């Protein structure tokens with residue numbers, strides 16, 4: 001039994017600064033909630049698997065609603081856990097706003113509650129991907145309010161993650177000056193002797209991709225909410241599938257990349273070696289940003305009407321995404337561990353095991369991303385096999401590691417050797433047993449998401465269930481191990497922890513930056529306003545009145561004109577000095593809400609009554625959309641230069657995306 | 001039909017388990033070597049050298065896999081002797097016209113969805129999954145396949161479509 005005190009950071013001097021109290025508290029809150037949600041959702045997963053294994057019968061009405069809840073709930077569990085982990089990791093380098101993190105947390109948790117109500121009470125059962133038009137073909141299984149609750153729940157999750165990402169982007173770009181430097185790109189050109197630590201680069205990539213995918217998610221959710229309000233709203237099914245998977249796939253992917261932040265901070269503590277920013281890390285993250293945003297096309301390989309070029313982009317991105325993971329992140333992690341006299345505790349072992357889950361699940365993912373392979377495995381059990389490998393045996397191991405690390409640090413020791421070995425052996429054996437059965441069943445062609453297995457594969461399901469039970473016992477022992485750490489009380493090491501907490505710098509309010517600084521930016525704004533102003537020219541208006549897509553595109557142009565004008569106006573010296581201070585939170589709320597309101601306003605029911613009155617109709621177009629654009633830009637200008645431009649581009653992009661997919665109205 | 005492992009799927013499964021075993025082996029060796037104490041400078045110097053080779057090997061493996069996959073794309077459609085078959089997936093049925101084919105016949109399935117998204121997954125009489133395409137409302141996806149075996153083929157829905165998704169199973173006959 002090991003009882004000696006932990007010697008965390010034993011050979012680290014300056015490279016890894018352990019985060020202080022607020023980092024731990026936020027980390028603990030997010031990871032704790034994530035783990036609790038994971039435990040409940042895991043039991044629901046076990047209930048489904050046992051039913052598939054014919055141990056008992058879960059009626060399909062309950063199977064599919066539980067499946068929907070399990071998917072959405074697990075996604076939220078892993079997202080919350082890893083948001084806390086990344087926050088904790090970044091907090092060691094850059095002060096972040098705990099208030100913003102809590103707002104994001106509350107939004108996501110309330111979203112999860114809405115999803116819970118929609119599924120368990122309302123019977124909503126579309127699968128967590130709510131693939132259009134299934135929410136509107138309930139055949140009596142769920143009602144309209146249920147769909148409202150589910151869609152609003154996901155909007156809340158998206159908005160919460162947006163708040164988190166905006167805060168990360170604002171704080172990080174402010175700390176390091178420019179976006180290029182925050183991404184580490186100045187290191188590549190040899191102009192930076194003091195690049196950001198790797199977790200900052202990773203957090204910046206996650207924040208950018210998180211905002212882009214959230215914007216897409218909010219767009220499809222707004223479109224479906226519009227359809228709930230008015231059945232005249234028609235949505236192109238192929239467009240809906242593209243946008244839904246861009247949102248869903250990217251979120252699932254980002255959870256893994258969020259997790260890497262904590263890995264960068266924690267592995268060095270146990271290996272006694274620093275994880276420094278190098279050129280391969282910078283190149284790897286930049287490439288990852290591109291791959292994360294373009295890989296989702298692999299979800300549409302079997303939609304043959306989708307242009308083949310997009311499938312080609314998807315397959316190349318999905319395969320190439322393995323290179324930064326295997327050659328940079330995991331490889332560097334292994335280099336840190338190799339010959340380091342790595343300190344094997346509960347936390348550090350789970351961290352290490354998480355690498356294996358990531359690599360092996362990644363192999364399953366890359367294989368399935370090859371088009372001919374996907375032709376045989378699409379929507380078979382291979383799909384849950386690979387994502388459970390890296391989410392359950394990678395990401396969740398890292399959430400468990402973070403919590404174990406907090407408690408080990410608090411207790412000044414790790415858990416008894418026998419207990420942690422038993423816990424991890426059972427989780428590894430059960431977890432890999434569970435996914436191995438799915439890989440085999442997937443190769444057999446067993447469809448995923450079947451309440452009843454029609455092809456005589458219940459035997460495999462039973463083996464999977466037993467494996468899941470073994471995992472559950474291991475997880476229980478892990479919880480016992482955590483409790484054993486909690487019981488130790490507050491030992492002597494707390495004094496030094498408290499001293500470190502007192503020395504922790506409080507985050508200062510961000511100074512508001514002018515959104516436009518350079519001549520070319522002003523020129524760009526002028527150009528945008530000129531082009532967007534064409535939206536009011538009679539031939540364009542005529543064309544717009546004859547086609548729904550053009551009509552909505554016209555709205556997006558008006559929105560952009562308003563946003564560009566607001567940027568130009570707030571930049572004028574006098575206005576600027578009046579607006580310069582404060583209102584950051586109001587600005588953030590406006591930048592998120594105004595684009596959503598302008599999308600919802602395109603629902604025919606809201607503007608039909610204006611059609612008969614020419615001046616009201618003109619006002620609706622000119623004042624409303626220009627005004628919403630201006631409000632978005634005004635709000636965004638409170639957030640710092642990079643987030644401001646990003647929010648304006650994204651909100652306009654949402655309008656263009658909406659125009660591309662909405663047919664009726 | 002009882003599912004059987006097709007040749008292609010067996011190859012995929014073997015490749016996956018081989019890769020998994022490789023990764024597991026590497027993680028085991030690194031974990032065992034973690035007990036030693038080596039100077040990080042030495043580890044880093046040799047690690048960086050090895051990494052260049054690893055990059056080349058991994059890049060070559062991925063590029064070869066991508067290149068090879070380009071020769072087996074399922075998108076080819078048409079040809080001279082192709083029978084057109086119209087497939088509609090709806091909650092919770094399949095309609096197929098014509099509903100019988102001859103062994104060795106090359107069939108272009110024109111697949112669409114009547115209401116929501118469905119997935120047209122097709123299994124030969126031996127229980128091998130031979131391919132799939134999506135049935136999407138408003139779109140027609142065309143999948144061309146040669147029906148090599150005589151007997152009963154099975155269609156199963158491969159896109160979750162509602163509470164009776166698992167009951168969207170349909171059979172059709174291929175005569176010798």
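The values are calculated or read from the model by the stated rules, or taken from the named source; none is laboratory data. The structure displayed is predicted, hence computed values, not measured ones. So basically every Cβ, Gly included, is an ideal-geometry build from the backbone, and we count neighbours across all protein chains shown.
Summed over the stretch B:127-145, residues that are closer than 18 Å to residue B:9 by Cα and assigned to a strand (DSSP E or B) total 6. Checking each residue in the stretch B:59-76 for being in contact with a strand residue (DSSP E or B) (Cβ under 9 Å, 6 or more places away or on another chain) and surrounded by fewer than 14 Cβ atoms within 10 Å (Cβ to Cβ) picks out only B:76.
Quick check: is even one residue across the stretch A:608-622 under 32 Å from the mean Cα position of the chain (by Cα) and touching a residue at least 24 places away in the same chain (Cβ under 8 Å)? Scanning the stretch A:608-622 turns up no residue that is under 32 Å from the mean Cα position of the chain (by Cα) and touching a residue at least 24 places away in the same chain (Cβ under 8 Å). On inspection, residue B:38 fails the criterion of being free of Cβ contacts under 8 Å to residues at least 12 places away in the same chain, more than 9 Å from chain A (Cβ to nearest Cβ) and within 18 Å of residue A:333 (Cβ to Cβ). I'm told residue B:37 meets every condition in (1) modelled with pLDDT under 95; (2) over 30 Å from residue B:168 (Cβ atoms); (3) surrounded by 12 or more Cβ atoms within 10 Å (Cβ to Cβ) except one. Can you identify the failing condition by its number? Looking at each condition in turn, residue B:37 falls short on (3). The numbered conditions (1) closer than 30 Å to residue A:91 by Cβ; (2) in contact (Cβ under 8 Å) with a residue 60 or more places away in the chain; (3) surrounded by 20 or more Cβ atoms within 10 Å (Cβ to Cβ) are all true for residue A:175 except (3). One residue stands out in the stretch A:367-384 among those that are facing another protein chain (nearest Cβ under 9 Å), within 23 Å of the chain's Cα centre (by Cα) and not in a loop (DSSP other than H, G, I, E, B): the one that is farthest from residue A:460 (Cα to Cα), namely A:368. Considering only residues in the stretch B:156-176 that are in a strand (DSSP E or B) and within 15 Å of the chain's Cα centre (by Cα), the one that is farthest from residue A:136 (Cα to Cα) turns out to be B:156. Against the criterion of being more than 9 Å from every other protein chain (Cβ to nearest Cβ), surrounded by 15 or more Cβ atoms within 10 Å (Cβ to Cβ) and not in a helix (DSSP H, G or I), residue B:107 qualifies. Residue check: residue A:612 meets all listed conditions (1) outside any loop (DSSP other than H, G, I, E, B); (2) more than 19 Å from residue A:170 (Cβ to Cβ) but one, namely (1).
The residues listed here are B:70, B:31, B:8; of these, the one that is in a helix (DSSP H, G or I), within 16 Å of the chain's Cα centre (by Cα), free of Cβ contacts under 8 Å to residues at least 40 places away in the same chain and facing another protein chain (nearest Cβ under 7 Å) is B:8. Suppose the filter is touching a helix residue (DSSP H, G or I) at 6+ places or on another chain (Cβ under 7 Å), farther than 28 Å from residue A:584 by Cα and within 11 Å of chain B (Cβ to nearest Cβ); does residue A:118 pass it? No; evaluated as a whole, the condition is false for this residue. Answer yes or no as to whether residue A:127 is part of a loop (DSSP other than H, G, I, E, B), closer than 23 Å to residue B:119 by Cβ, within 14 Å of another protein chain (Cβ to nearest Cβ) and at pLDDT 95 or above. When the stated conditions are applied, residue A:127 passes them. Every condition in (1) within 7 Å of chain B (Cβ to nearest Cβ); (2) more than 14 Å from residue A:256 (Cβ to Cβ); (3) in contact (Cβ under 8 Å) with a residue 40 or more places away in the chain; (4) surrounded by fewer than 22 Cβ atoms within 10 Å (Cβ to Cβ) holds for residue A:322 except the one numbered (2).
Among the residues of the stretch B:146-155, the ones that are touching a residue at least 40 places away in the same chain (Cβ under 8 Å), part of a strand (DSSP E or B) and more than 10 Å from chain A (Cβ to nearest Cβ) come to 3 in all. Would you check if residue B:121 is at the interface with another protein chain (Cβ under 7 Å from one of its Cβ atoms), in contact with a strand residue (DSSP E or B) (Cβ under 6 Å, 6 or more places away or on another chain) and either surrounded by 15 or more Cβ atoms within 10 Å (Cβ to Cβ) or not in a strand (DSSP E or B) (or both)? In short, yes. Restricting the first member to the stretch A:264-277 and to residues that are at the interface with chain B (Cβ under 9 Å from one of its Cβ atoms) and free of Cβ contacts under 8 Å to residues at least 60 places away in the same chain, and the second to residues that are buried (at least 23 other Cβ atoms within 10 Å of the Cβ) and in a helix (DSSP H, G or I), no beta-carbon pair is closer than 6 Å while six or more apart or on different chains.
Evaluate the stretch A:416-434: report whether one residue or more is modelled with pLDDT of 95 or more and at the interface with chain B (Cβ under 8 Å from one of its Cβ atoms). Among the residues of the stretch A:416-434, not one is modelled with pLDDT of 95 or more and at the interface with chain B (Cβ under 8 Å from one of its Cβ atoms), which makes the answer no. You will find that of A:491, A:454, the residue that is in contact with a strand residue (DSSP E or B) (Cβ under 7 Å, 6 or more places away or on another chain) and at pLDDT below 90 is A:454 and no other. Out of curiosity, is residue B:48 more than 8 Å from chain A (Cβ to nearest Cβ) and surrounded by 11 or more Cβ atoms within 10 Å (Cβ to Cβ)? It is true that residue B:48 is more than 8 Å from chain A (Cβ to nearest Cβ) and surrounded by 11 or more Cβ atoms within 10 Å (Cβ to Cβ). Answer yes if at least one residue in the stretch B:78-85 is at the interface with chain A (Cβ under 7 Å from one of its Cβ atoms) and either modelled with pLDDT of 95 or more or touching a strand residue (DSSP E or B) at 6+ places or on another chain (Cβ under 9 Å) (or both), and no otherwise. For the stretch B:78-85, residues at the interface with chain A (Cβ under 7 Å from one of its Cβ atoms) and either modelled with pLDDT of 95 or more or touching a strand residue (DSSP E or B) at 6+ places or on another chain (Cβ under 9 Å) (or both): absent. Taking first residues from the stretch A:332-349 that are free of Cβ contacts under 8 Å to residues at least 60 places away in the same chain and within 7 Å of chain B (Cβ to nearest Cβ) and partners that are buried (at least 23 other Cβ atoms within 10 Å of the Cβ) and in a helix (DSSP H, G or I), no Cβ contact under 7 Å between residues at least 6 apart in sequence or on separate chains turns up. Return yes or no: is residue B:85 exposed (fewer than 11 other Cβ atoms within 10 Å of the Cβ) and closer than 30 Å to residue B:115 by Cβ? The answer is no for residue B:85. Any residue at all in the stretch A:77-99 that's over 16 Å from residue A:28 (Cα atoms), touching a helix residue (DSSP H, G or I) at 6+ places or on another chain (Cβ under 9 Å) and either modelled with pLDDT of 95 or more or in a helix (DSSP H, G or I) (or both)? So far as the stretch A:77-99 goes, no, none of its residues is over 16 Å from residue A:28 (Cα atoms), touching a helix residue (DSSP H, G or I) at 6+ places or on another chain (Cβ under 9 Å) and either modelled with pLDDT of 95 or more or in a helix (DSSP H, G or I) (or both). Among the conditions (1) away from chain B (no Cβ under 14 Å); (2) modelled with pLDDT of 95 or more; (3) surrounded by fewer than 24 Cβ atoms within 10 Å (Cβ to Cβ), residue A:407 misses just one, which is (2).
Quick check, is residue A:364 more than 7 Å from every other protein chain (Cβ to nearest Cβ), touching a helix residue (DSSP H, G or I) at 6+ places or on another chain (Cβ under 6 Å) and either touching a residue at least 40 places away in the same chain (Cβ under 8 Å) or part of a loop (DSSP other than H, G, I, E, B) (or both)? So residue A:364 fails the test.
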